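Contents: one structure, followed by commentary.
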Amino acid sequence: MKKRVTGIGGTFLKAEDRGATRKWYKDHLGIENGKWSGTFEWRHAQDQAKKGVYCLEHF
């Protein structure tokens, strides 16, 4: 079987003021930035036991 991409690892956004942008995402969207930026756990559609993680980072 061919190996395939199962997801996108993250999105990286360039910001003039990284701190202000992170605060806006927290205040308006509820996205907290921790050790690994804003992360979201998701599960595979065909196999709910398989997990993945998505990262949102501002730089």
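The values are calculated or read from the model by the stated rules, or taken from the named source; none is laboratory data. Keep in mind that this is a model prediction, so the values were computed, not measured. FYI the Cβ positions are ideal-geometry reconstructions off the backbone, even for glycines, and counts take in every protein chain you see. Areas reflect the complete protein model, heavy atoms only, side chains present, ligands, DNA and RNA absent. Shrake-Rupley method; radii C 1.70, N 1.55, O 1.52, S 1.80 Å.
Residue check: Y54 meets all listed conditions (1) open to solvent by less than 50 Å² (accessible area, probe 1.4 Å); (2) not in a helix (DSSP H, G or I) but one, namely (1). When the residues of region 4-17 are filtered to those that are in a loop (DSSP other than H, G, I, E, B) and at pLDDT 80 or above, the one that is least open to solvent (accessible area, probe 1.4 Å) is A15.
Just one residue in the set A45, A20 is small (G, A, S), open to solvent by 60 Å² or more (accessible area, probe 1.4 Å) and free of Cβ contacts under 8 Å to residues at least 40 places away in the same chain; that residue is A45. One residue stands out among those in region 23-42 that are assigned to a strand (DSSP E or B) and out of contact with any Cys (no Cβ under 9 Å at 6 or more places or on another chain): the one that is surrounded by the most Cβ atoms within 10 Å (Cβ to Cβ), which is W42.
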